[in-house]
Amino acid sequence: MLFHLLHLGRVDYPEALRLQEELVTLRKENRIGDTLVLLEHPPVITIGRNSHRENILATDSELQQRGITLHEINRGGDVTYHGPGQLVGYPILDLRGDLAGKTGPHLGAVDYVRQLEQVLIRTCAEYGILTQRIPGRTGVWTIPIGSAQERKIAAIGVHISRAITSHGFALNVTTDLRDFDLIVPCGINDRAVTSIEEELASERPVPSLDDVANATARSFGAIFGGQMLAARSVEELLRQS
């Protein structure tokens with residue numbers, strides 16, 4: 001099986017939303033194959049379908065002063081922050097396709113999210129960071145040592161329309177974790193967030209965002225059962241399909 005990979009660098013959030021809408025339409029029309037979009041956003045806070053405004057701790061004027069935009073979107077989940085140093089992934093997949101882990105006519109939503117978590121667990125392991133799932137809390141969390149608590153290193157929030165996925169995951173690589181103080185991340189106020197940089201704690205070189213993107217693409221292909229084929233644009237993606 002073949003997955004297409006669009007690695008786009010830094011993209012403004014409204015442009016990424018427009019791109020997802022275009023790719024979802026093309027996938028529904030079967031004009032492109034399953035595609036993983038990897039990118040980075042300028043500072044932005046997104047509000048999912050299950051969000052509560054009180055989980056944004058900063059005022060609108062404070063967000064404006066810091067150059068952070070706010071967007072209400074149709075993914076699942078609560079409030080999430082995206083910003084520089086964070087790898088964001090938007091898989092555009094047909095869950096009825098020949099995906100690893102599918103046991104019925106389509107890969108179920110819960111199984112799909114669990115597989116996204118496994119992609120990120122595998123990626124973190126490439127850098128010697130052991131992570132886990134926590135029942136009842138979507139995302140990927142560190143495995144605590146001693147009396148320490150687990151910390152969230154990656155968030156997940158997806159949308160599925162007619163079996164086609166959009167939105168996806170955000171993995172903190174060198175993200176400025178102080179920006180998470182502006183929100184209650186994913187509505188969870190009793191656990192901290194972390195990043196690959198924070199977990200390595202100067203013990204090992206910190207990978208670049210491009211390095212982590214490549215590792216994530218490899219993990220995605222391994223977990224979902226296919227090879228990755230890079231494309232530089234939607235036009236090239238259409239030619240590949």
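Results, tabulated for the structure shown:
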read-out: Qualifying positions in the stretch 90-122 - closer than 17 Å to Leu2 by Cα, out of contact with any Asp or Glu (no Cβ under 7 Å at 6 or more places or on another chain), open to solvent by 30 Å² or more (accessible area, probe 1.4 Å) and not hydrophobic (A, V, I, L, M, F, W, C); value: Arg96, Asp98, Lys102
read-out: Residues (more than 17 Å from Ala170 (Cα to Cα) and touching a strand residue (DSSP E or B) at 6+ places or on another chain (Cβ under 6 Å)) located in the stretch 10-32; value: Leu23, Val24, Arg27, Lys28
read-out: Within the stretch 123-162, considering residues that are of a type in the set (A, V, I, L, M) and over 28 Å from Ser208 (Cβ atoms), the one surrounded by the fewest Cβ atoms within 10 Å (Cβ to Cβ); value: Ile134
read-out: Filtered residues of the stretch 199-238 (kept if among the acidic types (Asp, Glu), free of Cβ contacts under 8 Å to residues at least 24 places away in the same chain and over 27 Å from Ala100 (Cβ atoms)); value: Glu203, Glu235
read-out: The stretch 64-78: number of residues that are open to solvent by less than 50 Å² (accessible area, probe 1.4 Å), touching a residue at least 60 places away in the same chain (Cβ under 8 Å) and within 17 Å of Pro14 (Cα to Cα); value: 3
read-out: Residue satisfying all of: in the stretch 163-183; at pLDDT below 90 and more than 22 Å from Pro207 (Cα to Cα); surrounded by the most Cβ atoms within 10 Å (Cβ to Cβ) among these; value: Ile183
read-out: Pairs with Cβ under 8 Å, 6+ apart, first in the stretch 116-129 and in contact (Cβ under 8 Å) with a residue 40 or more places away in the chain, second assigned to a loop (DSSP other than H, G, I, E, B) and charged (D, E, K, R); value: Tyr127/Arg204; Gly128/Arg204
read-out: Residue match in the stretch 41-50 (condition: open to solvent by less than 20 Å² (accessible area, probe 1.4 Å), in contact with a helix residue (DSSP H, G or I) (Cβ under 7 Å, 6 or more places away or on another chain) and without any contact (Cβ under 8 Å) to a residue 60 or more places away in the chain); value: yes
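The values are calculated or read from the model by the stated rules, or taken from the named source; none is laboratory data. All values derive from a computational prediction rather than experimental measurement. In this analysis, Cβ positions are derived from the backbone assuming ideal geometry, glycine residues included, and neighbour counts consider all displayed protein chains. Remember, those area values only see protein heavy atoms, side chains included, never the ligands or the DNA or RNA. Shrake-Rupley method; radii C 1.70, N 1.55, O 1.52, S 1.80 Å.
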